[in-house]
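Student: Sharing a structure below in structure tokens format, with a few things to ask.
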Amino acid sequence: MLQRARTEPGVSAMRVLTIGSGGREHALCWAIAASPMLEKLWCAPGNPGIAAVAECVPIGVMDFPALVAFAVENKVDLVVPGPEAPLVAGITDAMTAAGITCCGPTMAAAQLEGSKTFTKEIADAAGIPTAKWERFEDAAAAREFVRRRGAPIVVKADGLAAGKGVTVAATEEEALAAIDAIMDRRVFGEAGAAVVIEECLVGEEVSLFALCDGTSAILLGSAQDHKRVGDGDTGPNTGGMGAYAPVPSFPPEAERDAFDRIVRPALAEMARRGMPFRGVLFAGLMLTADGPKLIEYNVRFGDPECQILLSRLRSDLLIALQAACDGELDYFDLRFHDEAAVAVVMAARGYPEAPESGSAIRGLDRASEVPETQVFHAGTVADADGTVRAAGGRVLTVCATGADLQAARDRAYAAVDAIDWPEGFCRRDIGWRALG
Ligand code: AMP
Ligand code: GLY
């Protein structure tokens, strides 16, 4: 596969293992594969799209013993986990214990995503603007609090609930029903042992990303996600149906300001507590009338935001990730393309409730011929004859760049329209806040 010569004297060519199988990991592999520093790239478990740029190995993202053994046996220099679940469960600690460098937070630092309470405590201790909150381990006390405060109000399962543990309740009844589901019926299992109840913030949401080395951080950029399944932001929440950047309502000065108020203080507080944060920190922000406020941190790239950010990144991602692991971001500078980027997620009919698997997807080659367009695989499998089939909720991310958002969007939808997949669907309005 990818065998590249070393390009800088004194720096050895790198052997890299990426962990995950979604559109985010396809984009990570695509960007890492472009690095002249790369000697060999694997992805566990990967997908048919990733197989074009990396060697896929059939190991699950939570099978730590097998992942560590693979990394040791194959003399992997750097592990790059994509999703949150292995990070929160300690993949970085497991790799580190085996002498393998892993570009992600430790289990202790990953609490920034794994526990809402932990995040709120860090935010309060560091003076980071965020919604007022209370935590309850007792359902009766939580209900009483909701009745006292009234709606709108936000109810969250304290632990990790695959992005589904949050109810923004417009009415008191809705909030009470959420407490019932989370705490009494435990629909998210142990993630529902406690709830966090928050003030409801009003504004536009953006995602801000920083690469962190424990003490220093650099901006990776920002993007706006589209969480609802339907056009016009209707229907249930999803993992994200599309994204774009730059976001006109969040210009570079605002980005920088949010970075200083919401990323840097968190990093300092984490270091002070003896759990320095290394890896990608994703701050979900609400742009309120009183300035940007933190909704949540995630400890990884967003999906599909990653596809957008990496399409705009001009610098070598692999060198940046290694610099983060070496604690050398202080003097590091990332360069970006000026172009705008738009990512459209194609999902299987029935997503998010009950996506249908197995339908054949044709026309992917034609879609890839649209200039400045990448089709990232998210939930696909391939038959022996090469036929690509849907195997998940979010199945493809079609990502395009262009001189401006309109040009990028036109390209992305031209590529979407070249794909022959009657059982799939997408939103047709990605970027509507910027473009109408
Ligand atoms: P989270 O899983 O914390 O990202 O929450 C999922 C979504 O719920 C966010 O993207 C917001 O749209 C919404 N949300 C979370 N917390 C709040 C809040 N305090 N006020 C308003 N909306 C919120
Ligand atoms: N697109 C939002 C996320 O990855 O959490």
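The values are calculated or read from the model by the stated rules, or taken from the named source; none is laboratory data. What you see is a predicted model; the values in this text were computed from it and never measured. Every residue, glycine as well, gets a Cβ built from its backbone with ideal geometry; the counts of neighbours run over all protein chains shown. SASA here: full protein model, heavy atoms, side chains in, ligands and nucleic acids out. Shrake-Rupley method; radii C 1.70, N 1.55, O 1.52, S 1.80 Å.
Student: If you count only protein heavy atoms and use a 1.4 Å probe, how large is the accessible surface of residue 117, to the nearest 10 Å²?
Tutor: 10 Å²
Student: Looking at the chain, send over the antiparallel percent of its DSSP beta bridges, to the nearest 5. Walk me through the numbers before you get to the answer.
Tutor: Numbers: 67 of 83 bridges.
For the chain, the DSSP antiparallel bridge percentage is about 80.
Student: Right, something else. Given a Förster distance of 25 angstrom, what is the FRET efficiency for residue 121 paired with residue 227, based on the Cβ-Cβ distance and rounded to 0.05?
Tutor: 0.45
Student: Which whole-number value in Å² is the accessible area per residue of the chain, probe 1.4 Å?
Tutor: Details: 17330 Å² over 436 residues.
That works out to 40 Å² per residue.
Student: Under a point spin-label approximation (7 Å from Cα along Cα-to-Cβ), what is the residue 272-residue 288 distance to one decimal in nm?
Tutor: Modelled inter-label distance: 2.2 nm.
Student: Another one. Connecting C-alpha atoms closer than 10 Å in a GNM of the chain, tell me which of 278, 185, 261 has the biggest fluctuation.
Tutor: Maximum fluctuation in the GNM of the chain, among the listed residues, is at 185.
Student: Is the shape of region 127-185 best called rounded, prolate or oblate, per the rule: a/c under 1.5 gives rounded, else a/b larger than b/c gives prolate, else oblate, with a ≥ b ≥ c the square roots of the Cα gyration tensor eigenvalues? Let's see the in-between values first.
Tutor: Working: a/c = 1.38, a/b = 1.08, b/c = 1.28.
Rounded, because the longest to shortest axis ratio a/c is under 1.5.
Student: For the pair residue 385 and residue 190, how long in nm is the line joining their label points, each one 7 Å along Cα→Cβ?
Tutor: The two pseudo-label positions are separated by 4.7 nm.
Student: Quick one: which residues, 5+ away or cross-chain, put their amide H under 5 Å from the amide H of residue 404? H built at 1.01 Å from N.
Tutor: Counting only residues 5 or more places away or on other chains, the set is 340.
Student: Cα gyration tensor of region 308-351, axes a ≥ b ≥ c as square roots of the eigenvalues: rounded (a/c below 1.5), prolate (a/b > b/c) or oblate? Intermediate values should be presented prior to the final figure.
Tutor: Working: a/c = 4.74, a/b = 2.00, b/c = 2.37.
Oblate is the answer for region 308-351, as a/c is 1.5 or above yet b/c matches or exceeds a/b.
Student: Might you report the magnitude of the Cβ-based charge dipole of region 299-436 about its Cα centre, with Lys and Arg at +1 and Asp and Glu at -1, to the nearest 20 debye? Walk me through the intermediate numbers first.
Tutor: On the way: 14 positive and 22 negative charges, 84 e Å.
Approximately 400 debye in magnitude.
Student: When a/c reaches 1.5 or more, the comparison of a/b and b/c decides; with that in mind, is region 189-270 rounded, prolate or oblate per its Cα gyration tensor? Write out the running numbers ahead of the final one.
Tutor: On the way: a/c = 2.00, a/b = 1.19, b/c = 1.69.
Here region 189-270 falls in the oblate category.
Student: Quickly estimate the mean residue ellipticity at 222 nm for the chain, helices only: each DSSP H run with n ≥ 4 gives -39500 (n - 2.57), and the total goes over all residues, rounded to 500. Walk me through the numbers before you get to the answer.
Tutor: Values: 15 runs with 123 residues, N = 436.
Mean residue ellipticity at 222 nm (helix-derived): -7500 deg cm²/dmol.
Student: Step through the residues of region 103-110 one at a time and calculate ³J(HN,Hα) from phi using the Karplus curve (6.51 cos²θ - 1.76 cosθ + 1.60, θ = phi - 60°), rounding each to whole Hz and writing x for Gly and Pro.
Tutor: 3J(HN,Hα) across region 103-110, in whole Hz: 8, x, x, 5, 4, 5, 6, 6.
Student: Can you list the HN-Hα couplings for region 155-160, worked out from phi with the Karplus curve (6.51, -1.76, 1.60; θ = phi - 60°), rounded to whole Hz and with x for Gly and Pro?
Tutor: Along region 155-160, the couplings run 10, 10, 5, 5, x, 7 Hz.
Student: While we're looking at this one, here's another question. Read phi for every residue in region 220-237 and hand back ³J(HN,Hα) as whole Hz from Karplus 6.51 cos²θ - 1.76 cosθ + 1.60, θ = phi - 60°, with x for Gly and Pro.
Tutor: Once θ is set to phi - 60°, the couplings for region 220-237 become 9, x, 9, 7, 10, 8, 10, 7, 6, 6, x, 4, x, 6, 10, x, x, 5 Hz.
Student: So, R0 is 60 Å and r is the distance between the beta-carbons of residue 332 and residue 417; what FRET efficiency does that work out to, to 0.05? Numbers along the way, then the final one.
Tutor: On the way: r = 40 Å, r/R0 = 0.67.
About 0.90, to the nearest 0.05.
Student: Under a straight-distance cross-link criterion of Cα-Cα below 26 Å, which lysines are reachable from residue 120, leaving out those fewer than 8 residues away in the same chain?
Tutor: 132, 156, 164, 227, 293
Student: Using modelled amide H (1.01 Å from N, peptide plane; none on Pro or chain starts), what sits under 5 Å from the amide H of residue 59, excluding residues fewer than 5 places away?
Tutor: Correct list: empty.
Student: Under a GNM of the chain (C-alpha, springs under 10 Å), which listed residue has the highest mean-square fluctuation: 377, 26, 337?
Tutor: Looking only at 377, 26, 337, the largest GNM fluctuation is found for 337.
Student: Can I ask one more? Find how much the distance from residue 57 to residue 144 grows on full extension, using 0.36 nm per residue of separation minus their present alpha carbon separation; answer in nm with one decimal. Present the calculation step by step, with values, prior to reporting the outcome.
Tutor: Details: separation 87, 0.36 × 87 = 31.32 nm, distance 5.08 nm.
Additional length available on full extension: 26.2 nm.
Student: Given a 1.4 angstrom probe, I'd like the percentage of the accessible area of the chain that is carbon and sulfur, rounded to a whole number. Before the final figure, lay out the partial values.
Tutor: On the way: 8750 of 17330 Å².
Summing carbon and sulfur atoms, their accessible area is 51 percent of the total for the chain.
Student: Taking amide H atoms as placed 1.01 Å from N in the peptide plane, list the residues 5 or more away in sequence, or in a different chain, whose amide H sits under 5 Å from that of residue 153.
Tutor: Amide H neighbours of residue 153, under 5 Å, 5+ apart: 169.
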